[in-house]
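Participant: Shown below is the structure under consideration.
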Amino acid sequence: MTTRWFGAPVQRVEDDRLLRGHGRFTDDIGEGALECCFVRSPHAHARITSIDVAAARELPGVVAVYTAADLPFGDVDLPLLIPHPNLTHGRTQRCLASEVVRYAGEAVAFVVADSRYVAEDAADLVQVEYEPLPVVITPEVAAAAEHLVHEDVPGNVAAEMIQETGDVDDALAQAPRRKKLHFRYERGASSPMEARAVWARWNEAERKLTVFDSTQSPTSIRGGLAVLFGLPESHVEVIAPDVGGGFGPKIMLFYPDELLVPFAAMQLGRPVKWTEDRQESFTAVNQERGQVHEVEVGFDGEGKLLALSDDFIHDGGAYTPYGLILPIITAAQIPGPYRIPNYRVRFRDMYTNATPTSPYRGAGRPHACFVMERTLDAIASELSLDRVEVRRRNLIQPDAFPYNLGVAWQDGNTVVYDSGDYPELLDRAVKMLGPSPEGDHVGMGLAIYVEGTGVGPYEGAHVQVLVSGKVVAATGIPSQGQAHATVWAQIVADELGVDVADVEISSGDTRRFPWGVGTFASRGAVTAGNAMHVAAGMVADKAKRIAADHLEVDPADLELVDGQVRVKGSPDRGIPLAAVAVLSNPVRYAFGGGTEAATQFTSRPRPGPPLPGPALPGPPLPVGEQPGLEATGYFSPPGSTWASGCHAAYVRVDPQTFRLEILKYVVVHDCGRVINPLVLQGQIEGGVAQGIGGAFYERLAYDADGQLRNASFMEFLVPYATEIPPIEIDHIETPSPLNPLGVKGAGEAGVIPVGAVIGSAIAEALGVPITEMPLSPLRLFELSKG
Amino acid sequence: MKVNGVEHPAPTDARRLLSDHLRHDLGLTGTHVGCEHGVCGCCTVLLDGAPIRSCLMLAVQAEGHEVTTIEGLARDGEPLHPVQQAFHECHALQCGFCTPGFVMSVVGLLAQHAKPSAQEIDEGIAGNLCRCTGYASIRRAVDRAVELQK
């Protein structure tokens, strides 16, 4: 294959409409839809004693008010997405709570009205009586189990899992040095700039349901809606249009609105739309990152790791819709790039009276990285060794791949690193960082991470060359800003020998491609990217077969270049790809676009396999061939691809105000072969910014009553430009052997090590122990006072 | 009120937000609503040439004023406005949701400072949140827009 587009900094093809204000986000879709508002629980844990919707129903402009009693699926538990044998006490919520609410923000009633304004007025008129129950907040309180989140879940433990490689107790007993460490990470929120939204229309005549949903997984939503409403999948269309950021929590099956909006549209026979407001986004959308770790590490006098044991509790929230995927990832990712001869990890997934958790960019890894890197800092400090040197002595070496970690991965397999060069990452980062700036209260931090990316099960793609010569391609996974339309076009353009501008991509629209899984786990490039490569390769092969017939040459002698299928070495002998598309579909009626060349009177006799009976040149459509210059291809990865990177920084902390100043921040990153360096730079810069927010500004402040005290952008401080420094980025490429393109994922990488880097740097700058995330000026003030 | 140079009748609902009026009454959905409490800047439009939050203003308060939205910068079929063009060239947008607000803020910034310093750029865009880019590419886009506007 040529590599003209792959690897080039191609400018994005999706920008023009977004820049002109012609983007099409879910709330932009109008068509006279009814609008909705939820009534949500103000209590973190309470028994519902009565719900009175009479006054709300009487308000002019109100069309319907639903409680659980009004729903045919009102007593059905929502799906548990990823069941696991260790999840012994999985619990999911119902669409609308009718008996007990278990987090502040849980949906209780749903109002549909002529306008959002009226719907909100009516929601205020719904009277719900609650009998408050004891609140379990923080994983430590949950583990104490004085009160239960679910009456039938002993100890508040949803799941427990223990894994061990080697003999940790023995290795710890024999280790020359031992250290016990305690680490704590609190919840943050992904806060995409577009909150969630759903629009639905039911066509009674065709019995067809159309849903626009800001989801990261329209194919799964379609499958779920078809099951719930008893419709063939072909009668349910789900489209993720332009989506304003996702970062993980926009993938669920289901948020209540994803059922209620389509249900109301079917019931009421009118389009219905719900758009989340920012305040409810803070409590109704899944969160992440709450964990408490107890580590014991054994090492020698040179700082080499001998054994590590981590026993951690995970703040799962009120329900487990996403199974135990987060603590599984954490457990698997604590060792990171380091060789730990004996490793034991135990976790318990705890119920708390807080919003449920599911992956948020990084997904279990920022905490894992923080634990490992702060542990190495502690070893360096104890032995008075250089932090860089301690890391260097423990890194897995470049000749050790494939490297089997021996613990379970989120896809059911064992963690096996496919490729990487961790010492090179470290060396380059240290060099880029350079000498420390002058001045007091300056600190250096660094961290190295690996990230399992590109998980299965699979994605697919359909690629077609039109008779115009333009190419259309579609995949099931949607984009939330990752430039899919550009990078897929690069991959397809290379295979078909056409210009990127001639490839139009559709993604996240089940009408165009109904199969697939979703956009998550830094998997798009690996799964959908390779599916595009496979499908486009099939189209190229087909184009060569057809052109070979036409040119009377061997298909192996043909190549696709500059929109032509031509004989290698004889650029004059060829036909346009557009003409091949015409020939691929023998027709009776010419309908323009050059199709007269393919009617039964003009098309050449085809030398396909002979038919029984008298000798004929073969049918117009060769046996075994399908019409159209198109193909559908799939890629199912045999295992995860393991991206990696090293971040390092200098910071200064003002000793009076405890304001953080990031003086320099460098990233060396390895995601295998790079498809588009411009897009990759954006992913990393954005990821680091989100990591800085998560390290120093964005703490979800729950009080003991389970109330989120900072549910607005006034108090939950997403950084502005003034808080984010320039990021210096370098790359190495260790291609993955697990897929044809050699790519690994890059979406989450920027976030993962930032907490560890900032924590380490602040610890040195202020000389205080940093064992928790996120930090803040107030927290640093408290810590500095001892 | 005049929106993108066209006179529109006054909104009839006194409590209608300007952002909702633009989006849902006039169909100008390029103005986005990210927080509805005046922090994120997604809904930024120009009121008589100066950037304002359209979610913090009632539509009726805009009576007698001139509003410019993202759709008013470059007409369909015409080349992008220099600020829009700079955002494209510098990959200064990913999901594109905050982008119209940023573009309007930068248009307002460059109207005040034809060649802003690095600090003026940061301050000029420090009323807009972006969750995708980490702002580095947006800073580069402002510099590029200055070049394109010459």
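Participant: Considering segment A:726-749 alone, what residues qualify as being facing chain B (nearest Cβ under 9 Å) and either surrounded by 20 or more Cβ atoms within 10 Å (Cβ to Cβ) or more than 24 Å from A:Pro774 (Cβ to Cβ) (or both)? So that I can check it myself, show each step before the final result.
Facilitator: To start, the set of residues in segment A:726-749 that are facing chain B (nearest Cβ under 9 Å) comprises A:726-727.
Passing the criteria: only A:Ile727.
Participant: Residues that are closer than 30 Å to A:Thr92 by Cα: list the helices (runs of 4 or more DSSP H) wholly contained in segment A:302-421 that include at least 1 such residues.
Facilitator: Details: elements: A:325-333, A:365-383, A:387-394.
Answer list for segment A:302-421: A:325-333, A:365-383.
Participant: Consider B:Thr44 carefully, then state whether it is β-branched (Val, Ile, Thr), modelled with pLDDT of 95 or more, out of contact with any strand residue (DSSP E or B) (no Cβ under 8 Å at 6 or more places or on another chain) and crowded, with 21+ Cβ neighbours inside 10 Å. Spell out how you get there, then give the answer.
Facilitator: Numbers: β-branched (Val, Ile, Thr): yes; modelled with pLDDT of 95 or more: yes; out of contact with any strand residue (DSSP E or B) (no Cβ under 8 Å at 6 or more places or on another chain): no; crowded, with 21+ Cβ neighbours inside 10 Å: yes.
It is false that B:Thr44 is β-branched (Val, Ile, Thr), modelled with pLDDT of 95 or more, out of contact with any strand residue (DSSP E or B) (no Cβ under 8 Å at 6 or more places or on another chain) and crowded, with 21+ Cβ neighbours inside 10 Å.
Participant: Another one. When you check B:Gly108 against the structure, is it outside the structural domain of B:Cys130 (by TED's automatic domain parsing) and not aliphatic (A, V, I, L, M), yes or no?
Facilitator: Working: outside the structural domain of B:Cys130 (by TED's automatic domain parsing): no; not aliphatic (A, V, I, L, M): yes.
Here the answer is no, as B:Gly108 does not meet what is asked.
Participant: Another one. Looking at B:Arg75, is it among the charged types (D, E, K, R) and at pLDDT below 95? Before you say what the answer is, go through the steps one by one.
Facilitator: Values: among the charged types (D, E, K, R): yes; at pLDDT below 95: yes.
So B:Arg75 passes the test.
Participant: Here is a further query. Which count do you get for residues in segment A:142-198 that are farther than 30 Å from A:Asp27 by Cβ, part of a loop (DSSP other than H, G, I, E, B) and not aliphatic (A, V, I, L, M)? Walk me through how you get there before you give the answer.
Facilitator: Our first condition is that a residue be farther than 30 Å from A:Asp27 by Cβ; within segment A:142-198, this holds for A:142-186.
Checking which are part of a loop (DSSP other than H, G, I, E, B) leaves us with A:145-153, A:166-167, A:175-176, A:186.
From what's left, not aliphatic (A, V, I, L, M): A:146-147, A:150-152, A:166-167, A:176, A:186.
Total satisfying the criteria: 9.
Participant: Filter segment A:690-723 down to the residues that are within 12 Å of chain B (Cβ to nearest Cβ), among the hydrophobic types (A, V, I, L, M, F, W, C) and in contact (Cβ under 8 Å) with a residue 40 or more places away in the chain, then identify the one that is surrounded by the most Cβ atoms within 10 Å (Cβ to Cβ).
Facilitator: Here the answer is A:Ile692.
Participant: On to the next question. Quick check on A:Ala205: is it among the small types (Gly, Ala, Ser) and in the same structural domain as A:Pro335 (by TED's automatic domain parsing)? Even if it seems obvious, please write down each step before you answer.
Facilitator: Working: among the small types (Gly, Ala, Ser): yes; in the same structural domain as A:Pro335 (by TED's automatic domain parsing): no.
Taking the combined requirement at face value, the residue does not satisfy it.
Participant: Which residue is farthest from the other protein chains (Cβ to nearest Cβ), if the candidates are limited to segment A:655-689 and must be small (Gly, Ala, Ser) and out of contact with any Pro (no Cβ under 8 Å at 6 or more places or on another chain)? Show your work before the answer.
Facilitator: Our first condition is that a residue be small (Gly, Ala, Ser); within segment A:655-689, this holds for A:672, A:682, A:686-687, A:689.
This time we only want the ones that are out of contact with any Pro (no Cβ under 8 Å at 6 or more places or on another chain), so: A:682, A:686-687.
Details: A:Gly682: 5, A:Gly686: 4, A:Gly687: 7 Å.
Out of the qualifying residues, it is A:Gly687.
Here is a yes/no grid of residues against (1) of a type in the set (A, V, I, L, M); (2) over 23 Å from A:Val272 (Cβ atoms); (3) surrounded by fewer than 17 Cβ atoms within 10 Å (Cβ to Cβ):
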| residue | (1), (2), (3) |
| --- | --- |
| A:Glu106 | no, no, no |
| A:Val112 | yes, no, no |
| A:Pro132 | no, yes, yes |
| A:Leu148 | yes, yes, no |
| A:Ile162 | yes, yes, yes |
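Participant: Ok, one more. Please work out which residue is surrounded by the most Cβ atoms within 10 Å (Cβ to Cβ), limiting yourself to segment A:1-32 and to residues that are within 30 Å of A:Ala68 (Cα to Cα) and more than 10 Å from every other protein chain (Cβ to nearest Cβ).
Facilitator: Taking segment A:1-32 and keeping what is within 30 Å of A:Ala68 (Cα to Cα), we get A:25-32.
Add one more test, that the residue is more than 10 Å from every other protein chain (Cβ to nearest Cβ), and what stays is A:26, A:31-32.
Working: A:Thr26: 25, A:Glu31: 9, A:Gly32: 8.
For segment A:1-32, the residue satisfying everything is A:Thr26.
Participant: Give the residue, chosen from B:Leu73, B:Leu80, that is crowded, with 20+ Cβ neighbours inside 10 Å, hydrophobic (A, V, I, L, M, F, W, C), within 27 Å of A:Ser479 (Cβ to Cβ) and out of contact with any strand residue (DSSP E or B) (no Cβ under 7 Å at 6 or more places or on another chain). Even if it seems obvious, please write down each step before you answer.
Facilitator: Values: B:Leu80 fails: crowded, with 20+ Cβ neighbours inside 10 Å.
On inspection, the qualifying residue turns out to be B:Leu73.
Participant: Just for segment B:94-124: of the residues that are within 11 Å of the chain's Cα centre (by Cα), of a type outside the set (S, T, N, Q) and at the interface with chain A (Cβ under 8 Å from one of its Cβ atoms), which one is farthest from A:Ser214 (Cα to Cα)?
Facilitator: B:Val103
Participant: May I ask you to list the residues in segment A:40-63 that are surrounded by 20 or more Cβ atoms within 10 Å (Cβ to Cβ) and over 30 Å from A:Ile137 (Cα atoms)?
Facilitator: A:Val53, A:Ala56, A:Val62, A:Val63
Participant: Moving on to the next point. Among the residues of segment A:375-399, write down those that are under 16 Å from A:Leu425 (Cα atoms) and out of contact with any Lys or Arg (no Cβ under 8 Å at 6 or more places or on another chain). Don't jump to the end; show me each part of the working.
Facilitator: Going residue by residue through segment A:375-399, those that are under 16 Å from A:Leu425 (Cα atoms) are A:387-399.
Those that are under 16 Å from A:Leu425 (Cα atoms) and out of contact with any Lys or Arg (no Cβ under 8 Å at 6 or more places or on another chain): A:Arg387, A:Val388, A:Glu389, A:Val390, A:Arg391, A:Arg392, A:Gln397, A:Pro398, A:Asp399.
Participant: With the condition kept exactly as written, say whether any residue in segment A:472-491 is under 16 Å from A:Val565 (Cβ atoms) and within 28 Å of the chain's Cα centre (by Cα). Walk me through how you get there before you give the answer.
Facilitator: Step one: filter segment A:472-491 for residues under 16 Å from A:Val565 (Cβ atoms), giving none.
No, the conditions are met nowhere in segment A:472-491.
Participant: When the residues of segment A:233-247 are narrowed to those that are buried (at least 24 other Cβ atoms within 10 Å of the Cβ) and small (Gly, Ala, Ser), which ends up nearest to the other protein chains (Cβ to nearest Cβ)?
Facilitator: Out of the qualifying residues, it is A:Gly244.
Participant: What are the residue pairs meeting all of these: first residue in segment A:170-196, first residue within 14 Å of chain B (Cβ to nearest Cβ) and within 23 Å of A:Pro753 (Cα to Cα), second residue of a type in the set (Ser, Thr, Tyr) and crowded, with 24+ Cβ neighbours inside 10 Å, Cβ atoms under 9 Å, and 6 or more apart or on different chains?
Facilitator: A:Gly188/A:Tyr360; A:Ala189/A:Thr355; A:Ala189/A:Tyr360; A:Ser190/A:Tyr360; A:Pro192/A:Ser214
The rows are residues; the columns are (1) under 30 Å from A:Ile684 (Cα atoms); (2) not β-branched (Val, Ile, Thr).
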position	(1), (2)
B:Ser19	no, yes
B:Gly41	yes, yes
B:Leu46	no, yes
B:Ile70	yes, no
B:His81	yes, yes
B:His88	yes, yes
B:Gln94	yes, yes
B:Phe97	yes, yes
B:Val107	yes, no
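Participant: Let me ask something else. Residues in segment A:123-134: is at least one in contact with a helix residue (DSSP H, G or I) (Cβ under 9 Å, 6 or more places away or on another chain), under 21 Å from A:Pro359 (Cα atoms), in a loop (DSSP other than H, G, I, E, B) and not aromatic (Phe, Trp, Tyr)? Can you show your working first?
Facilitator: Residues of segment A:123-134 in contact with a helix residue (DSSP H, G or I) (Cβ under 9 Å, 6 or more places away or on another chain): A:123-127.
Checking the rest, the ones that are also under 21 Å from A:Pro359 (Cα atoms) come to none.
Among the residues of segment A:123-134, not one is in contact with a helix residue (DSSP H, G or I) (Cβ under 9 Å, 6 or more places away or on another chain), under 21 Å from A:Pro359 (Cα atoms), in a loop (DSSP other than H, G, I, E, B) and not aromatic (Phe, Trp, Tyr), which makes the answer no.
Participant: Name the pairs whose Cβ atoms lie under 8 Å apart, with the first residue in segment B:93-109 and without any contact (Cβ under 8 Å) to a residue 60 or more places away in the chain, the second in a helix (DSSP H, G or I) and of a type in the set (D, E, K, R), and 6 or more positions between them or separate chains?
Facilitator: Final answer for the pair search is B:Leu93/A:Asp15; B:Gly96/A:Asp15; B:Leu109/B:Glu120.
Participant: Scan segment A:260-275 residue by residue and report those that are surrounded by 23 or more Cβ atoms within 10 Å (Cβ to Cβ) and not in a strand (DSSP E or B). Lay out the reasoning, then the answer.
Facilitator: Filtering segment A:260-275 down to residues surrounded by 23 or more Cβ atoms within 10 Å (Cβ to Cβ) leaves A:260-265, A:272-274.
The answer is A:Leu260, A:Val261, A:Pro262, A:Phe263, A:Ala264, A:Ala265.
Participant: Also: Looking only at segment B:125-150, filter to residues that are hydrophobic (A, V, I, L, M, F, W, C) and over 20 Å from A:Gly21 (Cα atoms); which one of those is farthest from the other protein chains (Cβ to nearest Cβ)? Break it down stepwise before answering.
Facilitator: Looking only at segment B:125-150, we keep the residues that are hydrophobic (A, V, I, L, M, F, W, C), and these are B:125-126, B:129-130, B:132, B:136, B:138, B:141-142, B:145-146, B:148.
Remaining after also requiring over 20 Å from A:Gly21 (Cα atoms): B:126, B:136, B:146, B:148.
Working: B:Ala126: 4, B:Ala136: 5, B:Val146: 16, B:Leu148: 13 Å.
Top of the filtered list is B:Val146.
Participant: On to the next question. Can you tell me which residues in segment A:276-301 are outside any strand (DSSP E or B) and within 30 Å of A:Asp28 (Cβ to Cβ)?
Facilitator: Going through segment A:276-301, the residues outside any strand (DSSP E or B) turn out to be A:276-286, A:289-290, A:300-301.
Once the filter is applied, which keeps residues that are outside any strand (DSSP E or B) and within 30 Å of A:Asp28 (Cβ to Cβ), segment A:276-301 yields A:Glu276, A:Asp277, A:Arg278, A:Gln279, A:Glu280, A:Ser281, A:Phe282, A:Thr283, A:Ala284, A:Val285, A:Asn286.
Participant: Mind listing just one residue for me: the one in segment A:427-445 that is touching a residue at least 24 places away in the same chain (Cβ under 8 Å) and within 26 Å of A:Val743 (Cβ to Cβ) and, of those, surrounded by the fewest Cβ atoms within 10 Å (Cβ to Cβ)? Break it down into steps so the answer makes sense when it comes.
Facilitator: If we filter segment A:427-445 for residues that are touching a residue at least 24 places away in the same chain (Cβ under 8 Å), which is where we start, we get A:428-430, A:432-434, A:436-437, A:439-445.
The next check asks that each one be within 26 Å of A:Val743 (Cβ to Cβ); those that pass are A:428-429, A:432.
Details: A:Arg428: 20, A:Ala429: 24, A:Met432: 16.
The qualifying residue surrounded by the fewest Cβ atoms within 10 Å (Cβ to Cβ) is A:Met432.
The values are calculated or read from the model by the stated rules, or taken from the named source; none is laboratory data. From a predicted model like this one, the values you see are computed outputs, not experimental measurements. Cβ: placed from backbone, ideal geometry, glycine included. Neighbour counts: every protein chain shown.
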